[in-house]
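The values are calculated or read from the model by the stated rules, or taken from the named source; none is laboratory data. Remember, predicted model here, so these are calculated numbers, not experimental data. Cβ atoms come from the backbone with ideal geometry, glycine included; neighbour counts cover every protein chain shown.
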Amino acid sequence: MAWFKKTKGIRTDKKGKIPEGLWVKCDSCKEIVYKKEIDKNLKVCPKCNYHFRISARERLKLLVDEGSFVEMDEGIVSVDPLNFKDTISYKDRIKEKQKKSGLKEAAISGDALIKGYPVSLIIMDFSFMGGSMGSVVGEKVSRAAERAVEKKQPLIIVSSSGGARMQEGIFSLMQMAKVAAAIGRLRDNGILYISIMCDPTFGGVTASLATIGDIIIAEPKSLIGFAGARVIEQTIKQPLPDNFQRAEFLLEHGFIDIVVGRKNLKETLAKLFELLL
């Protein structure tokens, strides 16, 4: 049985380590918070309002009306067109991530109701290869956009991604043009597209589908950009602001339309539907 001592109200073992699973260190304010308190608060830090990353399934429960989600295109899975291999083969990496995450790909798609309003929905999951956009994610986004046009209902995409998937090379990069064209057809048909960016949203996803929404929403303190801050700083040879690429910085500079906390996101979407549909 482990021995514990109290340090500033936090129970630690005799080596001063926090028992695994009981407490969480916030990535933003660095405070140690009881994990159950964070879970109860929708995975939001009660000290500084930092929004921890959550899975696509967790976000789905928070966003749509209970029992309304009908998953589409679940059977589409990645292939290995380049026979890519780093430390392990791409095929093995996909199988590893599928087993670990319980997902077949980095995004789930389908139709659902949000406060009674029918929508087409894509939610990316960063835990699956960094939420990267390969051929399957691109195809799911394109099909969701097509369904939105066909059913004349809004398209909602929740992004959390490192960008294009390097293991698919040019096939991955082609998805940027593909999804942009599919989303462009929404505008041609007067269909609302709302982009929601979460921490982090980067690379080819930022450069395509995430930034062409009719309305662009971000969760508080989300890191959003194309290239990383270190690369930009080295390129322009100038120091960057402390909050550079954070949602609040982007809002201040007109890059996004609104920053909305996780607790209020569903209500905000419903209000937008009420005003715009």
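For this structure, a couple of remarks:
- Of all residues making up region 124-147, the number that are part of a helix (DSSP H, G or I), over 17 Å from ILE216 (Cβ atoms) and small (Gly, Ala, Ser): 6
- Considering region 203-238, and only residues there that are in contact (Cβ under 8 Å) with a residue 12 or more places away in the chain and among the acidic types (Asp, Glu), the residue that is surrounded by the most Cβ atoms within 10 Å (Cβ to Cβ) turns out to be GLU219.
- Residue match in region 132-149 (condition: closer than 20 Å to LYS91 by Cβ, touching a Phe, Trp or Tyr at 6+ places or on another chain (Cβ under 8 Å), in the same structural domain as ALA247 (by TED's automatic domain parsing) and not aromatic (Phe, Trp, Tyr)): yes
- Residue check for LEU121: more than 13 Å from the chain's Cα centre (by Cα) and hydrophobic (A, V, I, L, M, F, W, C): no
- Residue in region 228-244 that is under 28 Å from GLU139 (Cα atoms) and not small (Gly, Ala, Ser) present: no
- Among the residues of region 58-76, those identified as under 15 Å from SER142 (Cα atoms) and either modelled with pLDDT under 95 or hydroxyl-bearing (Ser, Thr, Tyr) (or both) are GLU74, ILE76.
- Residue in region 99-106 that is in contact (Cβ under 8 Å) with a residue 40 or more places away in the chain, under 28 Å from GLU267 (Cα atoms), in the same structural domain as PHE226 (by TED's automatic domain parsing) and among the aliphatic types (A, V, I, L, M) present: yes
- Test set (1) surrounded by 13 or more Cβ atoms within 10 Å (Cβ to Cβ); (2) in a loop (DSSP other than H, G, I, E, B); (3) not polar (S, T, N, Q) - ARG57 fails condition number: (2)
- Of all residues making up region 66-101, the number that are surrounded by fewer than 14 Cβ atoms within 10 Å (Cβ to Cβ) and within 25 Å of ALA210 (Cα to Cα): 6
- One residue from ASP199, ASP111 being in contact (Cβ under 8 Å) with a residue 40 or more places away in the chain, under 25 Å from VAL44 (Cα atoms) and not β-branched (Val, Ile, Thr): ASP199
- Test: residue in region 230-244 that is in a strand (DSSP E or B) and either in the same structural domain as ALA145 (by TED's automatic domain parsing) or under 25 Å from SER172 (Cβ atoms) (or both): no
- Condition check for GLY21: of a type in the set (Gly, Ala, Ser) and either under 18 Å from SER222 (Cα atoms) or in the same structural domain as VAL136 (by TED's automatic domain parsing) (or both): no
- Any hit, region 41-49, residues being in contact with a Ser or Thr (Cβ under 7 Å, 6 or more places away or on another chain), closer than 24 Å to PHE226 by Cβ and either among the aromatic types (Phe, Trp, Tyr) or surrounded by fewer than 17 Cβ atoms within 10 Å (Cβ to Cβ) (or both): no
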